[in-house]
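In what follows, a structure is listed as structure tokens, so that the remarks can point back to it.
The values are calculated or read from the model by the stated rules, or taken from the named source; none is laboratory data. No experiment lies behind these values; they were computed from the predicted model shown. Glycine also receives a Cβ, built like all others from the backbone with ideal geometry; neighbour counts cover every protein chain displayed.
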Amino acid sequence: MKKSTIYTGTGDKGMTSLVGGVRVGKTHPRLEAYGTVDELNAQVGLLITAISDEENKTFLRFIQCKLFSLGAYLATDSNALTTTADCMIEEKHIERLEKAIDEIDHSLPPLKAFVLPGGTFAAALCHVCRTVCRRAERRILALEETKVCEIDDKVKRFMNRLSDYLFVLSRKLNELTHEREFYWDKNCE
């Protein structure tokens with residue numbers, strides 16, 4: 001098998017192809033959406049390197065796979081090509097996130113106030129992932145608002161749950177190492 005060329009030169013003038021062949025500008029809302037999902041996936045990969053617990057790493061790899069699928073879903077022009085089933089977010093994926101959130105949340109002490117991002121390095125990375133996830137969610141919703149495409153409700157729910165998962169995981173990572181959580185002081189003192 002011949003090795004593929006990494007660069008093609010077809011994007012040198014600011015255009016790229018969606019899955020299905022339609023060419024759009026690299027600043028198109030669709031690229032903003034799937035590019036931010038890709039950024040989140042890279043941040044989750046970085047988070048995995050900071051975690052020693054295999055159970056959490058395995059779950060985060062599941063999330064990475066679903067984010068890659070979600071990126072493919074967003075990169076597919078449904079007017080030119082039908083999205084394949086492996087690119088879809090299913091109810092079972094949302095339920096898996098919800099179950100993980102519930103399990104972690106039940107093991108944590110109740111919240112006393114708004115938690116400031118930080119704690120251990122891994123928990124701080126988790127907060128970075130959470131904020132990139134929220135941005136990706138906003139980019140997906142903005143794409144839908146352009147009326148270019150309709151976004152499946154399960155995609156929106158998955159992204160919303162994912163940021164919740166990343167929040168409780170950050171708390172768990174601090175709890176596992178007995179790292180103190182810091183709360184917002186509205187007086188900033």
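Considering only the range 92-110, state which residues are within 15 Å of Asp153 (Cα to Cα) and in contact (Cβ under 8 Å) with a residue 40 or more places away in the chain. Answer for the range 92-110, where residues must be within 15 Å of Asp153 (Cα to Cα) and in contact (Cβ under 8 Å) with a residue 40 or more places away in the chain: His93, Ile94.
Of all residues in the range 30-64, those being free of Cβ contacts under 8 Å to residues at least 24 places away in the same chain and not in a helix (DSSP H, G or I) number 1. Exactly one residue out of Gly119, Gly71 is buried (at least 17 other Cβ atoms within 10 Å of the Cβ), free of Cβ contacts under 8 Å to residues at least 40 places away in the same chain and not hydroxyl-bearing (Ser, Thr, Tyr): that is Gly71. Checking the structure you have, find out if any residue of the range 61-77 is at pLDDT below 80, under 19 Å from the mean Cα position of the chain (by Cα) and not aromatic (Phe, Trp, Tyr). Checked the range 61-77: no residue is at pLDDT below 80, under 19 Å from the mean Cα position of the chain (by Cα) and not aromatic (Phe, Trp, Tyr). Regarding the range 78-85, can at least one residue be identified that is at pLDDT 95 or above, of a type outside the set (Phe, Trp, Tyr) and part of a helix (DSSP H, G or I)? So far as the range 78-85 goes, no, none of its residues is at pLDDT 95 or above, of a type outside the set (Phe, Trp, Tyr) and part of a helix (DSSP H, G or I). When Glu98, Glu150, Glu137 are checked against the criterion of being over 16 Å from the mean Cα position of the chain (by Cα) and farther than 19 Å from Thr49 by Cα, a single residue qualifies: Glu150. Consider Cys65 carefully, then state whether it is loosely packed, with under 14 Cβ neighbours inside 10 Å and not small (Gly, Ala, Ser). It is true that Cys65 is loosely packed, with under 14 Cβ neighbours inside 10 Å and not small (Gly, Ala, Ser).
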